[in-house]
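Here the structure is laid out as structure tokens; the discussion comes afterwards.
The values are calculated or read from the model by the stated rules, or taken from the named source; none is laboratory data. Keep in mind that this is a model prediction, so the values were computed, not measured. Reconstructed Cβ throughout: ideal geometry from the backbone, glycine too, with neighbour counts over all protein chains shown. Surface areas here come from the heavy atoms of the whole protein model, side chains and all, with no ligands, DNA or RNA. Shrake-Rupley method; radii C 1.70, N 1.55, O 1.52, S 1.80 Å.
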Amino acid sequence: MTGGEGPGSRRMTVLIGLDVGTTGCKAVVFSEDGALLASAAREYPVDLPQPSRAEQDIEAVWRLAFESMGEAIAAAGTREVAAIGLSVHGEAVTPVDAAGRPLRPTILGMDTRTDAQNEWLCERFGARALFERTGMPVHTINTLPKLLWIREHEPAVWEAAERFLLVEDFLIGRMTGSPLISDCLASRTQLYDLEAGGWSDEILGALELSSERLAEVAPSGTAAGRLSAALTEELGLSTAPVVVTGGHDQACGALGVGLTEPGLAMVSTGTAEVVEVALGSPVVSQPLYEGNISVYRATVPGLFLAMTLNHSGGLALRWFRDGFCEPQMTRAAAGEGDAYDLMLEGAGGGPTGLLVLPHFAGAGTPSFDTASKGAILGLTFATTRTDLAVAILEGLTYELRLNMDLLRDGGVAIDVLRAIGGGARSRLWLQLKADITGIPVITPRVTEAAAFGAALLAGTGAGLWGSAAEGAERFLELTDRFDPDPAQHVAYSEVYERYREVYPAVAPISRQL
């Protein structure tokens, strides 16, 4: 691929999907026919100044995201990019001045400092009423209580802020000069009226916040403007690409794996692990309310998503890698393979005999217990590093089954799971998902589905196809299928029943800790 610069070559339209997660970003270059041409990634830290706080330097994130785009463009060998679409993590909020500069570090979604603010919201609106209006259960993850916290604890920042931006609108502002947010991402803030569409006047009124201090909302796949001349030159591009609204990373992943009609489902294993089920209407029923399932707008117009959440996900495995697997990391650095594969080297079949409660950042759905802590049960002197690595995967997958059971009990039937994210590259983990849940798991050709979904939205904004759904249906290719092994499913189901007892047993101790 040379961007059409070679003699006699056909000029190819190139799209970039920029996927910006909590702990890392990836820029992926796709051709107009859906082929992955090149990619580049960067990792960055999460700052944990206090036990309940999680913050980040969004300027550093922007610089690394821009670097990844530059490297991916260079690797693709092109000087022409038609459009850039964004897939971003949700809920995180940054107060900025009139020039778009951050006034304090970004408060991340995983930050849990806002218990008092959530109590006020329950008194002011009622938890059920907030869920019915916004689709978001009351929880510290939401943007709304984070804004309340800033207003109460940092009044000088609150007054000085020109706008309060999430990651998508901050990056679009940096790239084009004017922030714009997708309705998909806006609908995850608890400030958005899910049925009516747009920012909720009543909620903003209670917050004493004008909608002018938030970014304008537009549908996913909307052209926000062109990349600035300076940034275009810095990337070595001949013309400025269109920058297009994308959406929440999980919603972009849902698009990238073809969730374009109600009833289709996916599991995404990245920093967190998420199940997304496509809905034809914003279902805010009692079972979903009781299970703390969030419901928000998809990137496909008229479609909604129900989402379960395990905060730990792949971050738990990364914690184990960084803290306990130095030999494997050393071997990986020497070119002997991937550190994660080396950690799992020699893993046997069947349950490990260990139980890992993967609540390293609190419990996600269904309990949403921010005080819950991680736990490992069953350790002996015979336990190996590989046993622990596999046990972490087991614990994460037991938690996945817990959420799948919750959806089933709420009337949401799932026959097949489409798997995306970093976890979809591990055949061991994919088979484990099938064996523990009892549900077949299939993978798409492009497992980096969030970036692919962002690129599909970029193509929509550039006018290459009529809709994001049309683009997804044109390029989706499902490849490997992992069917449950009946004997293994029985064995894991017996352990799963014991796993279900762990959280209730240790929760009182975790709260004391």
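Residues of the range 68-95 that are in contact with a strand residue (DSSP E or B) (Cβ under 6 Å, 6 or more places away or on another chain) and open to solvent by 50 Å² or more (accessible area, probe 1.4 Å): Glu71, Ala75. Taking the conditions exactly as written (in contact with a strand residue (DSSP E or B) (Cβ under 9 Å, 6 or more places away or on another chain), under 21 Å from Glu152 (Cβ atoms) and either open to solvent by 40 Å² or more (accessible area, probe 1.4 Å) or among the hydrophobic types (A, V, I, L, M, F, W, C) (or both)), does Leu108 satisfy them or not? Spelling it out, Leu108 is indeed in contact with a strand residue (DSSP E or B) (Cβ under 9 Å, 6 or more places away or on another chain), under 21 Å from Glu152 (Cβ atoms) and either open to solvent by 40 Å² or more (accessible area, probe 1.4 Å) or among the hydrophobic types (A, V, I, L, M, F, W, C) (or both). Cβ-Cβ distances below 8 Å connect no pair with a first residue in the range 145-164 that is under 16 Å from Gly205 (Cα atoms) and among the polar types (S, T, N, Q), a second residue that is in a strand (DSSP E or B) and open to solvent by 60 Å² or more (accessible area, probe 1.4 Å), and a separation of six or more residues or different chains. Checked against (1) under 18 Å from the mean Cα position of the chain (by Cα); (2) in a loop (DSSP other than H, G, I, E, B); (3) surrounded by fewer than 20 Cβ atoms within 10 Å (Cβ to Cβ); (4) among the aliphatic types (A, V, I, L, M), Ala98 passes all but condition (1). Of the residues making up the range 155-181, those that are outside any helix (DSSP H, G or I) and open to solvent by 40 Å² or more (accessible area, probe 1.4 Å) number 4. If you go through the range 478-498 and pick out every residue that is open to solvent by 50 Å² or more (accessible area, probe 1.4 Å) and of a type in the set (Val, Ile, Thr), you end up with 2.
Of the residues Ser9, Ser39, Ser31, the single one that is closer than 13 Å to Phe452 by Cβ and modelled with pLDDT under 95 is Ser31.
Screening the range 449-513 for helices (runs of 4 or more DSSP H) wholly inside it with 2 or more residues that are of a type in the set (Val, Ile, Thr) returns the ranges 486-512.
Among what's in the range 441-472 and is more than 24 Å from the chain's Cα centre (by Cα) and open to solvent by 50 Å² or more (accessible area, probe 1.4 Å), pick the residue that is nearest to Gly34 (Cα to Cα). By that ranking, first place goes to Leu464. A search for C-beta distances below 8 Å between a residue of the range 108-137 that is under 15 Å from Tyr192 (Cβ atoms) and in a loop (DSSP other than H, G, I, E, B) and any residue that is of a type in the set (Val, Ile, Thr) and open to solvent by 10 Å² or more (accessible area, probe 1.4 Å), counting only pairs 6+ apart in sequence or on different chains, returns Gly135/Val284.
The conditions of being polar (S, T, N, Q), in contact (Cβ under 8 Å) with a residue 60 or more places away in the chain and under 30 Å from Glu399 (Cβ atoms) are not met by Thr239.
All of (1) open to solvent by less than 10 Å² (accessible area, probe 1.4 Å); (2) farther than 30 Å from Pro486 by Cα hold for Phe475 with one exception: (1).
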